[in-house]
Amino acid sequence: DVFDPDRLIQCPYNKHHHIRACRFPYHLVKCRKSHPEVAKELAMCPFNARHLVPQAELSDHITNCTDKGFVEQVVEMNQSSGFQREQMNAVNTWQAPPCDEDWE
């Protein structure tokens, strides 16, 4: 089950590391620091930061990424609801209250 937090995932930096899914993001940060030479050869998927693939394979991964559909659905929902237009047109009307304090 892909949503099981206890399933084991293989580390892209060290193939001998198998980490529980719930700890995987923390492990990636730690292991990246320990293996900078491997980190230079890997590219991060734009749809899921947990997907680290060899740079030469990134294009193929992007085309076939299982998370691509989810991200596209979210973008489509936001566009159809006008969320982005509302955010862009929102004007900040907050003003700081007058201050009578003199710190000098």
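Bear in mind that the values in this text are calculations on the coordinates, not laboratory data. Everything quoted here is computed from the prediction, not taken from an experiment. Please note: Cβ atoms are built from the backbone with ideal geometry, for glycine as well, and neighbour counts cover all protein chains shown.
Some notes on this structure:
- Degrees between helix 68-81 axis and first principal axis of the chain (Cα, 0 to 90, nearest 10): 20
- Dividing the mean sequence gap of close Cα pairs (under 8 Å, 6+ apart) by how many residues region 8-66 holds gives a relative contact order of 23 percent.
- What you get for the chain, charging only the Cβ of Lys and Arg (+1) and of Asp and Glu (-1), is a dipole of about 800 debye around the Cα centre.
- Listed candidates (1) 39, 24, 15; (2) 45, 12, 11; (3) 20, 15, 12 - label of the one calculated as semi-axes √(5λ) of the Cα gyration tensor in Å: (1)
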